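Engineer: Quick one: the structure is below, questions incoming.
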Amino acid sequence: MGQSFAVETHGLSKRYATGVLAVSNLDLRVRTGEVYGFLGPNGAGKTTTLRMLSGLLRPSAGTATVAGGVPGSPSSLAQLGAMVETPAFYPYLSGRDNLRVMARYAGVSTSRIEPVLTQVDMSDRARHKFKTYSTGMKQRLGVASALLKDPQLLILDEPTSGLDPQGTVEMRELIKNLRSGGRTVLLSSHLLNEVELTCDRVGVIAKGSLVAEGTVEELRARSGGRALLVRASPTDQARRLLESLLKPEQVQLRDGLFSLTIDPSQAAAINRRLVADGLDVSELRVAEQSLEDVFLQLTEKPPPQPSPQVGGN
Amino acid sequence: MIASLRADGLKMRKRWATWIMAGIFLAWLVLLVYVLLFYIVKSQPASLRGSEVPAAVLKRQLFPENLIPTVLSTAASIGAAIMIIYGALGTASEYGWSTVQTILIQKPGRTAVLAGKWLALGVATVLISLAAMAVAALCAYVVVSIDGSSSSWPAATELAKGFGALVLQLAVWAAFGAFLGIAFRSTAAAIGGGLVYLFVGEVLLGSLFRGATVIKDVLKYLPGINATGLDSAFHLSYRNPGAQAPLVDATHGLITLLVYLAAFIILSLVIFRQRDVGGG
């Protein structure tokens with residue numbers, strides 16, 4: 001049986017009138033029922049992509065299918081709940097009245113309002129005007145609005161942006177609960193910890209292009225996976241020995257600590273060789289490569305190429 | 001479309017600016033038309049004594065027999081300004097608060113969203129027109145009662161036509177404001193642009209260069225001039241020698257205003273449907 005996708009894009013691109021190419025040839029597949037993390041540094045093209053998927057922006061090229069329909073079409077929007085960028089509501093209306101307005105636009109019963117307010121823990125403040133809300137309350141009202149239609153696909157753009165640590169933890173728990181009932185969640189963020197703790201799969205976008213996609217474990221493995229950390233002295237003698245045992249690119253020295261990109265099962269053998277050669281081994285452990293390392297590796301600018309020397313060999 | 005109409009109705013009803021705008025229009029009608037003019041004609045200041053229209057005749061403008069032309073002349077000035085602001089607030093605020101993106105990711109398509117907004121503006125225009133007519137009728141009744149004079153009310157068909165003319169011209173100005181709001185995506189720019197056009201473009205230039213043939217030909221196709229032309233179908237019960245003859249007749253005015261109304265709606269829809277929301 002074929003895999004079904006809640007979001008599928010082919011060659012999706014967006015060039016703004018200013019000439020800026022915000023998204024370039026993006027092929028994205030979000031599986032039905034998963035929490036997908038859309039990860040990228042600020043300005044990478046995350047929000048532009050989400051705006052295209054929500055029908056707010058027209059792609060310059062490429063196609064997209066969102067919840068079984070063309071982005072922005074009534075059939076797609078009927079199955080989509082979204083909070084793109086900052087939650088935007090009427091400042092002079094209460095939280096509850098704002099949801100009443102959105103329920104009318106969406107054609108859903110106002111009986112949905114109280115359950116979603118309870119779900120985001122906003123029932124107590126729903127009678128107050130939106131303009132009096134803190135950033136966290138605005139974020140939660142944004143999620144409540146996205147949930148009004150009880151959608152099959154939720155798009156949340158930086159949902160923990162501006163939240164305090166307590167609010168971040170609550171929002172993360174809320175997102176985990178939202179996946180119940182087979183709901184798909186597409187979550188954009190530049191916060192690695194958030195994505196790591198919440199998402200089944202991750203897509204990393206940099207400069208408008210998808211540079212990697214997979215589970216967090218797959219991304220780690222692709223970027224070198226785990227490493228063996230060794231502290232041995234004298235350092236120079238240890239380096240000579242390790243570089244004779246392994247390939248040079250597998251040995252990195254940082255702050256007196258060797259990072260060896262090898263299978264950790266070789267730890268005992270490495271230790272024996274170092275001790276046999278009279279070296280003092282004070283630390284030996286296996287380190288997981290953090291998602292941050294992976295992220296930086298995938299999104300960092302490549303180092304500038306040395307310019308060819310004139311008259312060189 | 002009905003869903004959007006209901007949503008926009010709720011927003012308008014709960015917004016103070018809606019009531020303030022309508023209140024200013026009605027207060028202007030009561031205080032600066034009926035109360036002030038009645039006070040002036042009753043006190044008969046020296047400046048009025050040499051007037052071509054004696055005070056005893058001038059006060060008849062406030063009587064029930066002149067209800068329609070009095071309301072229409074107020075609508076052509078302060079009414080137009082109020083409706084430009086009202087229309088601009090209705091559309092430009094959605095951009096100012098970025099609520100346009102929240103709306104557009106609900107279920108209805110862009111055409112339905114804008115159609116709902118137009119309908120809500122239309123309903124509000126009818127209600128404001130009704131309120132203006134009712135308040136003016138009440139004032140006229142009070143004035144004629146205090147004065148102890150006699151006056152007849154306009155015939156029902158005349159009242160209906162006058163009401164239609166009032167709704168049409170207010171709707172054109174509201175649509176103009178709403179169009180500017182969508183085009184500029186800024187409340188300040190839409191209101192500023194609309195009022196500058198009304199008071200500088202039409203009123204000031206229109207009165208300064210009315211004698212020039214080329215300008216006169218252009219003026220014949222401007223909405224304010226055509227609203228005045230439409231209003232000329234409803235005569236005062238007395239002759240006012242100081243009044244300027246309208247540049248266009250009522251039929252020309254009616255057709256041109258309908259064209260303007262349709263043009264503002266269609267242009268707004270084209271822009272609203274095509275334009276990206278946010279980004280870049």
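Engineer: Could you pull out every one of the helices (runs of 4 or more DSSP H) wholly within region A:194-313 that has 3 or more residues that are at pLDDT 90 or above?
Structural biologist: A:235-245, A:267-276
Engineer: Continuing with this model, one more query. Tell me the residue from B:Gly201, B:Gly193 that is more than 14 Å from every other protein chain (Cβ to nearest Cβ), over 23 Å from B:Glu158 (Cα atoms) and buried (at least 20 other Cβ atoms within 10 Å of the Cβ), please.
Structural biologist: The conditions single out B:Gly193.
Engineer: Taking interchain pairs and intrachain pairs at least six residues apart, which have beta carbon atoms under 6 angstrom, with the first residue in region A:201-220 and under 17 Å from A:Leu187 (Cβ atoms) and of a type in the set (D, E, K, R) and the second open to solvent by less than 10 Å² (accessible area, probe 1.4 Å) and not in a loop (DSSP other than H, G, I, E, B)?
Structural biologist: A:Arg201/A:Tyr36; A:Glu213/A:Gly203
Engineer: Can I ask one more? Filter region B:72-85 for residues that are open to solvent by 10 Å² or more (accessible area, probe 1.4 Å) and modelled with pLDDT under 95; which is farthest from B:Phe176 (Cα to Cα)?
Structural biologist: The residue in question is B:Ser73.
Engineer: Could you check how many residues of region A:217-257 are touching a helix residue (DSSP H, G or I) at 6+ places or on another chain (Cβ under 7 Å) and within 13 Å of A:Val294 (Cα to Cα)?
Structural biologist: Matching residues across region A:217-257 total 4.
Engineer: When the residues of region A:109-119 are filtered to those that are within 31 Å of the chain's Cα centre (by Cα) and open to solvent by 40 Å² or more (accessible area, probe 1.4 Å), which remaining residue is farthest from the other protein chains (Cβ to nearest Cβ)?
Structural biologist: A:Thr118
Engineer: Name the residues in region B:115-132 that are more than 30 Å from B:Leu31 (Cα to Cα) and within 12 Å of chain A (Cβ to nearest Cβ), would you?
Structural biologist: B:Gly116, B:Lys117
Engineer: Kindly indicate whether A:Gly182 is in contact (Cβ under 8 Å) with a residue 60 or more places away in the chain, farther than 20 Å from A:Val216 by Cα and more than 14 Å from chain B (Cβ to nearest Cβ).
Structural biologist: Yes, satisfied.
Engineer: Which condition from (1) within 14 Å of chain A (Cβ to nearest Cβ); (2) without any contact (Cβ under 8 Å) to a residue 60 or more places away in the chain is the one that B:Gly23 breaks?
Structural biologist: Failed condition: (1).
Engineer: How do the pairs read when you match residues in region B:71-82 that are over 11 Å from B:Leu26 (Cβ atoms) with residues anywhere that are among the hydroxyl-bearing types (Ser, Thr, Tyr) and open to solvent by 10 Å² or more (accessible area, probe 1.4 Å), using Cβ under 7 Å and keeping only pairs 6 or more apart or on different chains?
Structural biologist: Note: pairs meeting the criteria are B:Ala76/B:Thr228.
Engineer: Quick one: which strands (runs of 3 or more DSSP E) sit completely within region A:1-86 and have at least 2 residues that are closer than 26 Å to A:Val294 by Cα and either in contact (Cβ under 8 Å) with a residue 24 or more places away in the chain or open to solvent by 30 Å² or more (accessible area, probe 1.4 Å) (or both)?
Structural biologist: Answer list for region A:1-86: A:5-15, A:21-26, A:29-31, A:35-39.
Engineer: For region A:138-155, check the following and say yes or no: at least one residue is hydrophobic (A, V, I, L, M, F, W, C), more than 14 Å from chain B (Cβ to nearest Cβ) and closer than 28 Å to B:Trp16 by Cβ.
Structural biologist: No; the residues of region A:138-155 include none that is hydrophobic (A, V, I, L, M, F, W, C), more than 14 Å from chain B (Cβ to nearest Cβ) and closer than 28 Å to B:Trp16 by Cβ.
Engineer: Name the residue, out of B:Thr228, B:Thr256, that is open to solvent by 40 Å² or more (accessible area, probe 1.4 Å) and at negative phi.
Structural biologist: Of B:Thr228, B:Thr256, the one residue that is open to solvent by 40 Å² or more (accessible area, probe 1.4 Å) and at negative phi is B:Thr228.
Engineer: Hey, another quick one. From B:Phe264, B:Phe199, B:Phe176, grab the single residue that is out of contact with any helix residue (DSSP H, G or I) (no Cβ under 7 Å at 6 or more places or on another chain) and touching a residue at least 60 places away in the same chain (Cβ under 8 Å).
Structural biologist: B:Phe199
Engineer: For region B:87-101, indicate whether the set of residues that are of a type in the set (Phe, Trp, Tyr), touching a residue at least 60 places away in the same chain (Cβ under 8 Å) and more than 14 Å from chain A (Cβ to nearest Cβ) is non-empty.
Structural biologist: The answer is no, given that none of the residues of region B:87-101 is of a type in the set (Phe, Trp, Tyr), touching a residue at least 60 places away in the same chain (Cβ under 8 Å) and more than 14 Å from chain A (Cβ to nearest Cβ).
Engineer: Let me ask something else about it. Select the helices (runs of 4 or more DSSP H) contained entirely in region B:149-219, then report the ones holding at least 3 residues which are within 30 Å of B:Ala120 (Cα to Cα).
Structural biologist: Output list reads B:156-184, B:187-196.
The values are calculated or read from the model by the stated rules, or taken from the named source; none is laboratory data. The model shown is predicted, which means the values in this text are computed figures rather than measured ones. Glycine gets a Cβ as well: all are built from the backbone with ideal geometry, and neighbour counts include every protein chain shown. Remember, those area values only see protein heavy atoms, side chains included, never the ligands or the DNA or RNA. Shrake-Rupley method; radii C 1.70, N 1.55, O 1.52, S 1.80 Å.
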